[in-house]
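Notes follow once the structure below has been shown.
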Amino acid sequence: MYRWTKPSDFDALGLVMFDAIHAVPSPYSAAQRLAWLPRAHSGPDWAARLCAQRVAVLDQGGPRGFATLRADGYLDMIFLAPEARGQGHFRGLMTMLTQEAENQKMPELTTHASLAAQGPFLSLGFELVCHETVSRDGQTLARAYMRRPLHAIPPVPHHPEPIPRPEPT
């Protein structure tokens, strides 16, 4: 069900992203969605973008979702086909990438989350750093910068005096 991507997936992932962005209902207007992604990604530039990241794929007889992780801990993309939403796959893809980030000793994960993705990120322990907007093709899109620390080191208890041991009776 979940696996790492292969080059033969790349064009299908572009279609998943397009379908996810253009699905309704959406917190973004049709004009905003069109400005965000007017056509599905494909070709050499898209392949290079994906090859530069670790890409987890939801495979249900073909890609139905994916999430990407850059070497600096930035989650560049996470998209689910409309029919794959609401089934725990956001969490499944994020579990793969979080384990990868921990294996690579990354200190934190960061992302710019769409309005639709902020709730799922919050449910996985991400914190909202700030809201912001970006402009594309004359449209303004709201998003949030979010982060989640990894490898939290528990505090070591400090005992200035040795802890007394009970006397044997």
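Compute the angle between helix 89-103 and the longest alpha-carbon principal axis of the chain, please, reported from 0 to 90 degrees and rounded to the nearest 10. Rounded to the nearest ten degrees, it is 50. Would you indicate which of [x] 38; [y] 53; [z] 46 is the value of percent of Cα pairs over 23 Å apart derived from the coordinates of this structure? Label [z] holds the value from this structure. Fully extending the segment from Q60 to T140, taken as 0.36 nm per residue of separation minus the present Cα-Cα distance, adds 25.4 nm.
Helix 10-22 axis versus longest C-alpha principal axis of the chain: approximately 90°, rounded to the nearest ten.
On the basis of the beta-carbon distance and an R0 of 22 Å, K6 and Y74 show a calculated FRET efficiency of 0.50.
Considering Cα pairs under 8 angstrom that are at least six residues apart, work out the relative contact order of the chain and quote it in whole percent. Provide the component values of the computation, followed by the final result.
Values: 245 pairs, mean separation 32.9, N = 169.
Value for the chain: 19 percent.
The GNM of the chain, with springs linking C-alpha atoms under 10 angstrom apart, assigns the highest mean-square fluctuation among V129, V16, V57 to V129. Dipole of segment 1-132 computed with +1 at Lys/Arg Cβ and -1 at Asp/Glu Cβ about the Cα centre; of A12, T98, Q32, farthest Cα towards the positive end is A12. Between R85 and A31, full extension at 0.36 nm per residue minus the direct alpha carbon distance yields a gain of 17.2 nm. Once the trypsin sites (Lys or Arg not before Pro) in DSSP loops with at most 10 neighbouring Cβ atoms within 10 Å are cut out of the chain, the longest remaining piece is 40-104.
Helical runs (DSSP H, four residues minimum) scored at -39500 (n - 2.57) apiece and divided by the length of the chain put the mean residue ellipticity at 222 nm at -8500 deg cm²/dmol.
Bear in mind these aren't lab numbers, they're just calculated from the coordinates by the rules spelled out. All figures in this text were calculated on a predicted structure; none of them were measured in a lab. Counting neighbours? That spans all protein chains shown, and the Cβs are built from the backbone with ideal geometry, glycine included.
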